[in-house]
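Colleague: Structure incoming, see below.
The values are calculated or read from the model by the stated rules, or taken from the named source; none is laboratory data. Nothing here was measured: the structure is a model prediction, and the numbers come from that model. Cβ placement follows ideal geometry from the backbone for every residue including glycine, while neighbour counts extend to all protein chains displayed. For accessibility, only protein heavy atoms count, side chains too; no ligands or nucleic acids. Shrake-Rupley method; radii C 1.70, N 1.55, O 1.52, S 1.80 Å.
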Amino acid sequence: MNLKAPEYVAGHGLIKGKTVLITAAAGAGIGFSAAVRAAEEGARAIVLSDIHPGRLDAAVAKLKEDSGLQEVYGKVGNVAVEDDVQALVDFAEQQVDGVDILINNAGLGTSRALIEMEDDEWHKVIDVTLNGTMRMTRYMMKVMKARGQGGVIVNNASVLGWRAQKEQAHYAAAKAGVMALTRCAALEAAEFDVRINAVSPSIVLHPMLRKSASEELLQELESKEAYGRAAEAWEVANVMMFLASDYSSYMTGEIVSCSSQRA
Ligand SMILES: NC(=O)c1ccc[n+]([C@@H]2O[C@H](COP(=O)([O-])OP(=O)(O)OC[C@H]3O[C@@H](n4cnc5c(N)ncnc54)[C@H](O)[C@@H]3O)[C@@H](O)[C@H]2O)c1
């Protein structure tokens with residue numbers, strides 16, 4: 001079976017007038033798609049961040065041009081570095097006069113059998129994927145609490161936080177950690193009206209991923225999906241917009257699968 005993606009769904013003003021900060025937003029995948037959707041869903045201002053300066057400048061220019069939104073800003077930052085995280089959140093707060101929605105998209109993976117994995121590779125994947133999400137969440141929670149106007153955080157997990165896959169022990173452990181972090185932080189953040197949820201995608205085959213994985217593996221992953229295809233990045237971004245919007249006002253600490261084959 002190969003169930004094709006529907007026509008691109010038009011925006012419905014889900015986050016009208018809101019301000020948004022997105023990490024890892026200058027790639028070819030979910031992060032930039034989330035930025036495009038945020039503009040289409042009525043965001044008032046969007047701050048894009050990424051570790052790659054050249055791609056970030058291009059992403060800011062493209063989003064501005066395609067969406068017509070004037071308030072699009074870029075800030076280079078590595079989520080694995082606490083100083084970068086604080087500088088990014090402070091920059092965004094100042095530029096857009098308070099961040100309403102944070103999308104923690106940054107995550108890093110490699111493929112390696114566990115018995116061949118060196119500590120460095122393990123730590124790098126955990127540090128960007130899990131610790132980076134924790135750092136962004138921790139600082140944003142502090143800032144949102146101090147501002148006293150609530151807010152929303154959407155984390156990007158992965159079905160590998162639930163499922164097993166060879167050569168993915170480090171990434172799967174990190175994503176399971178993102179899920180646990182989401183649930184626990186959400187309990188604390190509820191006290192100051194901040195909701196925290198996560199989307200858990202299965203597979204999005206954008207050009208950068210196609211370059212880094214074998215065709216055989218990608219086909220195997222697609223064949224595991226009931227729809228017989230990978231998700232489009234915008235299909236995952238749609239779930240993020242739902243979680244970022246008041247349509248999910250009675251949801252916090254939830255992990256929402258964006259996959260055609262759950263766990
Ligand atoms: N693509 C998939 O199939 C898939 C499936 C499940 C989960 N995810 C998760 O979705 C998220 C987005 O992945 P994507 O594949 O859609 O790519 P993406 O385009 O959204 O993100 C890639 C970008 O991340 C940036 N980046 C890398 N390390 C960074 C760091 N330390 N700090 C800041 N930016 C950094 C890169 O420069 C690149 O521009 C990740 O968390 C990933 O684990 C992806």
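Colleague: Looking for something near the ligand (Cβ under 10 Å from one of its atoms), under 16 Å from the mean Cα position of the chain (by Cα), of a type outside the set (A, V, I, L, M) and open to solvent by less than 10 Å² (accessible area, probe 1.4 Å) - is there at least one such residue anywhere in region 102-109?
Modeller: Looking through region 102-109, at least one residue is near the ligand (Cβ under 10 Å from one of its atoms), under 16 Å from the mean Cα position of the chain (by Cα), of a type outside the set (A, V, I, L, M) and open to solvent by less than 10 Å² (accessible area, probe 1.4 Å).
Colleague: For the structure I just gave you, tell me whether Ala173 is within 14 Å of the ligand (Cβ to nearest atom), open to solvent by less than 60 Å² (accessible area, probe 1.4 Å) and of a type in the set (A, V, I, L, M).
Modeller: Working: within 14 Å of the ligand (Cβ to nearest atom): yes; open to solvent by less than 60 Å² (accessible area, probe 1.4 Å): yes; of a type in the set (A, V, I, L, M): yes.
Against the criterion (within 14 Å of the ligand (Cβ to nearest atom), open to solvent by less than 60 Å² (accessible area, probe 1.4 Å) and of a type in the set (A, V, I, L, M)), Ala173 qualifies.
Colleague: For region 11-31, give me each residue that is open to solvent by 30 Å² or more (accessible area, probe 1.4 Å), under 20 Å from Met144 (Cβ atoms) and in contact (Cβ under 8 Å) with a residue 40 or more places away in the chain.
Modeller: Leu14, Lys18
Colleague: Which of the following residues is touching a residue at least 40 places away in the same chain (Cβ under 8 Å) and farther than 29 Å from Leu21 by Cβ: Ala189, Ala169, Ala174? I'd like the intermediate steps shown before the answer.
Modeller: Values: Ala189 fails: farther than 29 Å from Leu21 by Cβ; Ala174 fails: farther than 29 Å from Leu21 by Cβ.
Criteria check complete, one pass: Ala169.
Colleague: Evaluate the following for Met134: is it within 16 Å of the ligand (Cβ to nearest atom), among the aliphatic types (A, V, I, L, M), surrounded by 14 or more Cβ atoms within 10 Å (Cβ to Cβ) and under 22 Å from Asp193 (Cβ atoms)? Spell out the reasoning first.
Modeller: On the way: within 16 Å of the ligand (Cβ to nearest atom): yes; among the aliphatic types (A, V, I, L, M): yes; surrounded by 14 or more Cβ atoms within 10 Å (Cβ to Cβ): yes; under 22 Å from Asp193 (Cβ atoms): yes.
Yes; evaluated as a whole, the condition is true for this residue.
Colleague: Residues to consider are Lys145, Lys124; find the one that is surrounded by 14 or more Cβ atoms within 10 Å (Cβ to Cβ) and either touching a Phe, Trp or Tyr at 6+ places or on another chain (Cβ under 7 Å) or on the phi > 0 side of the Ramachandran plot (or both).
Modeller: Working: Lys124 fails: either touching a Phe, Trp or Tyr at 6+ places or on another chain (Cβ under 7 Å) or on the phi > 0 side of the Ramachandran plot (or both).
Step by step, each of Lys145, Lys124 is checked, and only Lys145 is surrounded by 14 or more Cβ atoms within 10 Å (Cβ to Cβ) and either touching a Phe, Trp or Tyr at 6+ places or on another chain (Cβ under 7 Å) or on the phi > 0 side of the Ramachandran plot (or both).
Colleague: May I pose another question? Identify the residue in region 202-228 that is under 27 Å from Ala38 (Cα atoms), in contact (Cβ under 8 Å) with a residue 40 or more places away in the chain and open to solvent by 30 Å² or more (accessible area, probe 1.4 Å) and, among all such residues, is farthest from the ligand (Cβ to nearest atom).
Modeller: For region 202-228, the residue satisfying everything is Tyr227.
Colleague: Turning to a different aspect of this structure: Being in a helix (DSSP H, G or I) and either under 17 Å from Pro6 (Cβ atoms) or charged (D, E, K, R) (or both) is the filter; apply it to region 229-240 and report the residue that is farthest from the ligand (Cβ to nearest atom). Please lay out each step first, then the result.
Modeller: If we filter region 229-240 for residues that are in a helix (DSSP H, G or I), which is where we start, we get 233-240.
Those still in the list that are either under 17 Å from Pro6 (Cβ atoms) or charged (D, E, K, R) (or both) too: 233-239.
Numbers: Ala233: 6, Trp234: 11, Glu235: 11, Val236: 7, Ala237: 9, Asn238: 14, Val239: 12 Å.
It comes out as Asn238.
Colleague: Further question on the same structure: One residue is enough: does region 70-84 have a residue meeting the conditions open to solvent by less than 30 Å² (accessible area, probe 1.4 Å), free of Cβ contacts under 8 Å to residues at least 40 places away in the same chain and either over 17 Å from Ser33 (Cβ atoms) or away from the ligand (no atom under 14 Å from the Cβ) (or both)? Don't jump to the end; show me each part of the working.
Modeller: First, pick out the residues of region 70-84 that are open to solvent by less than 30 Å² (accessible area, probe 1.4 Å): 72, 77, 79-80.
Those still in the list that are free of Cβ contacts under 8 Å to residues at least 40 places away in the same chain too: 72.
Checking which are either over 17 Å from Ser33 (Cβ atoms) or away from the ligand (no atom under 14 Å from the Cβ) (or both) leaves us with 72.
Scanning region 70-84, I find at least one residue that is open to solvent by less than 30 Å² (accessible area, probe 1.4 Å), free of Cβ contacts under 8 Å to residues at least 40 places away in the same chain and either over 17 Å from Ser33 (Cβ atoms) or away from the ligand (no atom under 14 Å from the Cβ) (or both), so the answer is yes.
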